[in-house]
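The values are calculated or read from the model by the stated rules, or taken from the named source; none is laboratory data. All of these numbers come straight from a predicted model, not from anything done at the bench. All Cβ positions, even for glycine, are placed from backbone atoms using ideal geometry, and neighbour counts span all protein chains on display. Surface areas here come from the heavy atoms of the whole protein model, side chains and all, with no ligands, DNA or RNA. Shrake-Rupley method; radii C 1.70, N 1.55, O 1.52, S 1.80 Å.
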Amino acid sequence: MRRLLLLALAGSGSAGCEMEAPAQGSASLVLDIPNGVLDPKGYTAVEITLHDPTGDTVRSAAVGADGAFDLGDLDPRSAVSVEAVLRDESGAAVGYGRTASALDLAAGATITVQVRRPIVYIAGLNYTVVGTADSWFTMPAVYSDLTTGVTLDGTTTLAEKSVLLLSAGPALYSVEQAVSSASGLLTGPATLRAVGAADHALGPPLGTLMLGAVQDGAGSDDGQTLVIGTAEKLYGVDLRATPTLVRELAPGSFSRVAIVAGADGGLGAVAIKNRVSTTGACNPTAELWWIGGLGGEVIDARMVATGGFADVAADRGRAWYVDACKGELGEVLADGARPVRADLGKPTALAVSNGQAWIGVERAAPATLAILVVPADAASATPRTLWSEPQDQILGATDFPGVERRLPAQTATFLHLEIGAGGDYIAAATAGDFFANRVNSANFPQMQIETRELRVFDAASGGAVQRYRSWCDGSYLYLSSDIRNWSCATTTGQTAPTSASRENRLSSLAFLFGKR
């Protein structure tokens, strides 16, 4: 690893920028970046946030040509967690990292923060038509490097095929599983590989075997522990062990998970079993699970509540949930659920970072998706609407250039919501079903379409960073007089794959150093 060493001071001392041990009475902060093509580039400033029990301290400084900066004097303190953001001249985040646990900032101490580019990854399936039937197959994961300004077209992919990408702090892991060509359902044992942070090179299979269709996963900030939910079991993966140790934590279908890092460095997790359906009538029979002692010899996995649970998230030692039936945001506790507020409509997706909750809300008539922002523990704060938009899809008549039809969504749902770069970006994976009746006067046939999209927003302004429609598929029912040949078109600001072979029916979303 190549180290970008930046010196900060604790207590008395003078500023320094040499790549050597700090002077007596000072402490050093080292930003560790991969030595490869994926190194953060173009940064001119660094922003450091120190979290401790008394509050947060934020310092910024210019980065010199030698990679050094001066944060000024900082008083020694204990139980400090550190976030670091590298920014370019426009203020955009081009690198981000955080410590995995609380540390002591004392004279002579060295705190290392691994820093990575803000890159978002999606994985899913595709199919080809064999005769009159669809034949499903797995796809290489697609990624978007948010520091390059390049719009997605499906050509930036990993080398191997993945059904799930998992971020574990600075590390990335790929889950591979076979797919039934006839049904498109994942089948057989799932295996795991590490993805190189420096160049996206994939390592060998880690020998892990997990049963059931893979549905969701989360990783710890130290990159050593994963929790993966499948249609049959909840698994814990200890990457420190040789060979890799996989534990069955609980039986059942787990489709939402998050890892909780305790103040003492211990790990736990929260998960949703039998997640509530977000379409149709709400049936509040989902189970909220708490998993304690994740890194120990004895693991305590138990159900703590039932309800309309749709998503979970973790942030700085606490865990949160949203209940789609009650319109509720609350905290997950080891012995139950603590409601915080119940005025959110139909919340179905959640991500939390530094006490701030981003909540995906689904609305009907017309089918609309919205992202609300609110302090996670504030019962009365007015939510801020970051983004709200009725969902639609444009189809174009391929034989008649310029002839288009806009289809309104019947249903629009959040698949995943995740925060990147410590709160600079919010990414959403969404799905929509669209329908329109025949229009006799225009010779338009009846149409039914399904789409999947990746949306990335500036978390402060709600401005669009990426809008990528990874999947568009459907059918139409026509009469002899109708226009027959149609294809999915794009709207302003929306991009799509360069060909049908690059389409990705995305089912998972991950950020390096992401928060959910």
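Would you confirm whether or not region 160-182 contains a residue that is aromatic (Phe, Trp, Tyr), closer than 24 Å to residue 207 by Cβ and open to solvent by less than 50 Å² (accessible area, probe 1.4 Å)? Looking for residues that are aromatic (Phe, Trp, Tyr), closer than 24 Å to residue 207 by Cβ and open to solvent by less than 50 Å² (accessible area, probe 1.4 Å), one finds at least one in region 160-182, hence yes. The condition of being within 25 Å of residue 348 (Cα to Cα), buried (at least 20 other Cβ atoms within 10 Å of the Cβ) and touching a Pro at 6+ places or on another chain (Cβ under 6 Å) holds for only one of 219, 212, 307, that being 307.
Would you be able to say whether some residue in region 458-477 is surrounded by fewer than 18 Cβ atoms within 10 Å (Cβ to Cβ) and among the aromatic types (Phe, Trp, Tyr)? No, there is no match, as no residue in region 458-477 is surrounded by fewer than 18 Cβ atoms within 10 Å (Cβ to Cβ) and among the aromatic types (Phe, Trp, Tyr).
Note on region 372-422: among residues that are touching a strand residue (DSSP E or B) at 6+ places or on another chain (Cβ under 8 Å) and among the acidic types (Asp, Glu), the one that is least open to solvent (accessible area, probe 1.4 Å) is 418.
Per-residue answers, yes or no, for (1) within 22 Å of the chain's Cα centre (by Cα); (2) modelled with pLDDT of 85 or more; (3) assigned to a loop (DSSP other than H, G, I, E, B):
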position	(1), (2), (3)
48	no, yes, no
60	no, yes, no
68	no, no, yes
79	no, yes, no
94	yes, yes, no
108	no, no, yes
112	no, yes, no
123	yes, yes, no
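I'm trying to understand the selection: among the residues of region 221-242, which are in a loop (DSSP other than H, G, I, E, B), at pLDDT 95 or above and either of a type in the set (A, V, I, L, M, F, W, C) or within 18 Å of the chain's Cα centre (by Cα) (or both)? Answer for region 221-242, where residues must be in a loop (DSSP other than H, G, I, E, B), at pLDDT 95 or above and either of a type in the set (A, V, I, L, M, F, W, C) or within 18 Å of the chain's Cα centre (by Cα) (or both): just 231. Quick check on my filter: what residues within region 159-207 are within 20 Å of residue 227 (Cα to Cα), of a type in the set (S, T, N, Q) and more than 23 Å from the chain's Cα centre (by Cα)? Scanning region 159-207 gives a single hit, 187.
Look at region 65-86: where a residue is surrounded by fewer than 14 Cβ atoms within 10 Å (Cβ to Cβ) and a partner is part of a strand (DSSP E or B), sitting 6+ places away or on another chain with Cβ atoms under 6 Å, you get 78/104.
Outside any strand (DSSP E or B), open to solvent by 10 Å² or more (accessible area, probe 1.4 Å), closer than 29 Å to residue 407 by Cβ and small (Gly, Ala, Ser) - does that describe any residue in region 340-350? Yes, the conditions are met somewhere in region 340-350.
Per-residue answers, yes or no, for (1) touching a strand residue (DSSP E or B) at 6+ places or on another chain (Cβ under 6 Å); (2) over 23 Å from residue 31 (Cα atoms):
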| site | (1), (2) |
| --- | --- |
| 106 | no, no |
| 109 | yes, no |
| 127 | yes, yes |
| 131 | no, yes |
| 135 | yes, yes |
| 155 | no, yes |
| 158 | yes, yes |
| 170 | yes, no |
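Each residue in region 355-371 was checked for being in a loop (DSSP other than H, G, I, E, B) and surrounded by 15 or more Cβ atoms within 10 Å (Cβ to Cβ), and 1 of them qualify.
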